[in-house]
Amino acid sequence: MPLTGALHAMVGGGEVNWTFVPAPSRGAAARILGTDDVDALWEVMTPILRLDGDDPPAAWQRHIERLEKRAQALAGAEFVPLRFHGGGTDLEVGLMEGAHWLSGGITTSWGRRTVVNMPTEEVFTTPDNRHARGTVVATRPFQIIGGVTVEGLRLRFEDGRVAEVEADRNAETFRSYLASDAGAARLGEVALVDGASPVGRSGLVFNDILLDENATCHIALGNAYPFTVPDLPDDPQQRAARGFNLSDIHQDIMIGGPEVAVDGIDREGGATPIMRDDVWVLSQP
């Protein structure tokens, strides 16, 4: 199913009980492992999907509860920007006022608890697209539309917008991608994932963003998620005036890892550690 704006509009209000779950196939095994051995890919996917314990449903319930506590801790801290620093990255990302921190566990409009993506390792929110500055280094390769792989990406932000793009592979293609519309070079999501992620611990690049985004912390250039902002107006101009990004793309870029620390910055400018050495350190309820 394509990740279109219509899909997000349909599911964002909780009217539909939905989920994405990867299914190993010969083609996927060949792409990821270099062999079409489906059983070998199942061995990789089993811990990622939390099927390796005696009670997978209970394991998923505990995992989602842990992510929800992280979201609650971030919401309670009321950070204004986040700062990612280390390993060549020094990036400050402003957070949109009124946006909620969410996990992959949602409740439908009729009260059904569900997990919208398996795997899911992130807590995420919507940035203010006017407030990103500094430099960031992608810590994993990733694919863009058309199957083009970008490696060694380095970005510099000014006033919320990508001002400079460098990469070891396909830099010019990525520059063209960011010129596709006015919002493509601004942020629409920021997400935190720690080193306990079984996706990250696999050491593999899946070239499937619904897997790869769950390997480590990431940002996304392009369209923001309306369901993260409960009082978001319908009018696009009013949304843009609040710093909500609008675009036809949504491109996740992995930027985390043991060398990248994450701090939350309060309204007085004080910094609180959130992640150190790929470990979540922010106190949780």
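Where a number appears in this text, it was derived from the coordinates with a stated rule and is not lab data. Just so it is clear, the model here is predicted, and its values are computed rather than measured. Neighbour counts run over all protein chains shown; Cβ positions are idealised from the backbone, glycine included.
Between Ser247 and Asn223, Ala224, the built amide H atoms are under 5 Å apart, and every one of these is 5 or more places off in sequence or on another chain. Which of the trypsin sites (Lys or Arg not before Pro) across the stretch 77-146 are loop residues per DSSP, with 11 or fewer other Cβ within 10 Å? Hits after loop and neighbour filter: Arg112. The phi-based Karplus calculation (6.51 cos²θ - 1.76 cosθ + 1.60; θ = phi - 60°) puts the 3J(HN,Hα) values of the stretch 242-247 at 8, x, 7, 7, 10, 6 Hz, whole numbers, x for Gly and Pro. For the stretch 54-144, the extents of the C-alpha atoms along the principal axes are 43, 31, 25 Å, listed from largest to smallest. Annotation: extensible slack from Asp168 through Ala59 equals 35.3 nm (criterion: 0.36 nm per residue apart, minus Cα-Cα distance). Only helices enter this figure: runs of n ≥ 4 DSSP H residues, each worth -39500 (n - 2.57), summed and divided by the residues of the chain, yield -7000 deg cm²/dmol at 222 nm to the nearest 500. With contacts taken as Cα pairs under 8 Å and at least 6 residues apart, the chain reaches a relative contact order of 19 percent. Rg/Rh, computed from the Cα trace of the stretch 159-285 with Rh as the Kirkwood radius, has the value 0.99. Estimated translational diffusion coefficient (Stokes-Einstein, Kirkwood radius over Cα pairs, 25 °C, 0.890 mPa s) of the chain: 127 µm² per second.
Counting 0.36 nm for each residue step from Val21 to Arg175 and taking away their Cα separation leaves a gain of 52.3 nm.
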